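*Asks:* Questions regarding the structure given below will be posed in turn.
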Amino acid sequence: MASGLPQEVRIGGLTKRELLQTLGRHAVRWNQAAEDLFQDDRFQASPREMKVPIRATSLEELGFPEGATYPRIIARAHEWGLRECPLELGPFLRMQYQEATQRVGAQNSGAEQLSQGKAPIGSLTVASRPLDEKNQTPKGFYLRSLDGERWLRGYWADFEHVWSCDDLFVFAC
C-alpha cells in the first residue's frame, strides 16, 4: 500500500490561486490536465478548513480482481462506507503526502511515457466526482512520484474505461 499515507487530510482555507502557489512552494509539479481542472470555474475551493479522513485501497481489495469501471468502483466503495473525495483533496493530499518514492516499478524514468491509457504504477488516484461527463474535461487528480519529483496530475477517462485491479484509489471515509 502507500507507505506514509496520512489517515486524514486537512483541506480548505485557500483560494485556488493560493492553492496553486502553495503547491509551487512545495515543489509539486503538475500537468496541463491538472491546470485545466484548476482553471475550471466548477472546481471550487472550500473557504473553511476541515479534516477529511481517507482510505487508500486497490481495486482488487475492493473485490475487483479483473478491474472495473469508475461507476462500479464508486458503487462498491459506497457499499463499504467509502465516498468520493472533494476535488480539492488531491492538491492538499499531494502537499501533505511527503513520500518521495511511492511504490514504483523498476522501469520508471523521466523518459517513461506518462500516459498509456492506464494509471502509472504506484500512483494514487483520488476518487472524486467528475466535473461533467464530457470526454474533453479532465476527470480528477492522481498523485505520483517520478525521478524524485512529486506530481499532481489530472487525468482523462470515460466511464467505460476499465481500471486495473492493481490501481490504488483514495476515498473519503
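*Asks:* Mind listing the long-range amide H neighbours of Val52? Cut-off is under 5 Å, sequence gap 5 or more, other chains count too, H placed in the peptide plane at 1.01 Å from N.
*Replies:* Result for Val52 returns Val9, Arg10, Ile11.
*Asks:* OK, next. Can you list residues whose amide H is under 5 Å from Leu168's amide H, if they're 5+ apart or on another chain and H is modeled 1.01 Å from N?
*Replies:* It is Thr125, by chain and number.
*Asks:* Please work out how much length the chain gains when fully extended from Arg48 to Asp132, using 0.36 nm per residue of separation minus the C-alpha to C-alpha distance, in nm with one decimal.
*Replies:* On the way: separation 84, 0.36 × 84 = 30.24 nm, distance 2.47 nm.
Value of the extension gain: 27.8 nm.
*Asks:* Please order Phe159, Phe141, Phe64 by the number of other Cβ within 10 Å, starting at the fewest.
*Replies:* Values: Phe159 12, Phe141 27, Phe64 19.
Arranged by neighbour count, lowest to highest, Phe159, Phe141, Phe64 become Phe159, Phe64, Phe141.
*Asks:* With θ taken as phi - 60° and the coefficients 6.51, -1.76 and 1.60, list the Karplus ³J(HN,Hα) couplings across segment 41-50 in order, rounded to whole Hz; mark glycine and proline as x.
*Replies:* Karplus-based 3J(HN,Hα) across segment 41-50 equals 5, 6, 7, 9, 8, 6, x, 10, 6, 7 Hz.
Coordinate-derived values only; no laboratory data. Predicted model, so just to flag it, every value in this text is computed and none were measured. We place every Cβ from the backbone using ideal geometry, glycine too, and count neighbours over all the protein chains shown.
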